[in-house]
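Please treat every number below as a calculation from the coordinates, not as lab data. Keep in mind that what you see is a predicted model, and the values were worked out from it rather than measured. Positions of Cβ are backbone-derived with ideal geometry, glycine not excepted, and every protein chain shown enters the neighbour counts.
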Amino acid sequence: MDYPSNVKLLLLQILLRRQQTLAHQDKSISLPQLLKEPIVDRESLQEFQSHKLVRMYSPELCTIPLRTFKSIVNKLFEEGLSCKTDGLDEPITIIKLAEYYYSERIQEIQEVQLPGLKEQMLEQLQG
């Protein structure tokens with residue numbers, strides 16, 4: 001999936017919040033189960049599409065249908081499963097995926113964005 005890591009993190013954050021809301025509203029729903037198999041609904045889609053970060057970094061996602069949104073969520077879980085290398089048989093959850101994409105985002109900032117900012121600052125100081 002070729003979306004920026006900050007967009008992936010936002011999606012997971014919105015899903016986590018939505019699962020917590022659903023579990024709170026309906027006591028028969030198990031939050032641990034929702035974290036493994038989230039309910040992806042129109043509310044989470046609308047919140048995601050209307051977020052400033054999505055409009056700025058991935059505007060093409062602002063008009064996707066619910067089916068496409070669900071497939072993006074599934075791909076996030078699949079990628080998280082394929083990247084899991086700790087050898088434990090723990091189930092993949094929204095929280096574990098967020099941890100993975102958070103570390104990916106930190107690495108991106110350290111290796112790409114900070115050096116670029118440093119170069120820009122040096123150019124401005126020298127220019």
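Filter region 1-52 down to residues that are among the hydroxyl-bearing types (Ser, Thr, Tyr) and surrounded by 15 or more Cβ atoms within 10 Å (Cβ to Cβ) and give me whichever is nearest to TYR100 (Cα to Cα).
Residues of region 1-52 that are among the hydroxyl-bearing types (Ser, Thr, Tyr), as a first pass: 3, 5, 21, 28, 30, 44, 50.
Applying the additional criterion that residues be surrounded by 15 or more Cβ atoms within 10 Å (Cβ to Cβ) yields 3, 5, 44.
Details: TYR3: 15, SER5: 10, SER44: 21 Å.
Per the stated criteria, the residue is SER5.
Within region 88-104, the residues that satisfy the criterion of being surrounded by fewer than 17 Cβ atoms within 10 Å (Cβ to Cβ), in contact (Cβ under 8 Å) with a residue 40 or more places away in the chain and part of a helix (DSSP H, G or I) are ILE95, TYR102, GLU104. Being more than 15 Å from LEU10 (Cβ to Cβ) and touching a Leu at 6+ places or on another chain (Cβ under 6 Å) holds for only one residue in LEU66, LEU34, LEU22, LEU97, and it is LEU66.
Inclusion of GLY127 among residues that are among the small types (Gly, Ala, Ser) and within 13 Å of the chain's Cα centre (by Cα) is not warranted.
Give, as residue ranges, the helices (runs of 4 or more DSSP H) completely inside region 1-78 that count at least 3 residues that are without any contact (Cβ under 8 Å) to a residue 12 or more places away in the chain.
Working: elements: 5-25, 31-36, 42-49, 52-57.
Answer list for region 1-78: 5-25, 52-57.
If you go through region 37-63 and keep only what is among the small types (Gly, Ala, Ser) and over 13 Å from GLN13 (Cα atoms), you end up with SER50, SER58.
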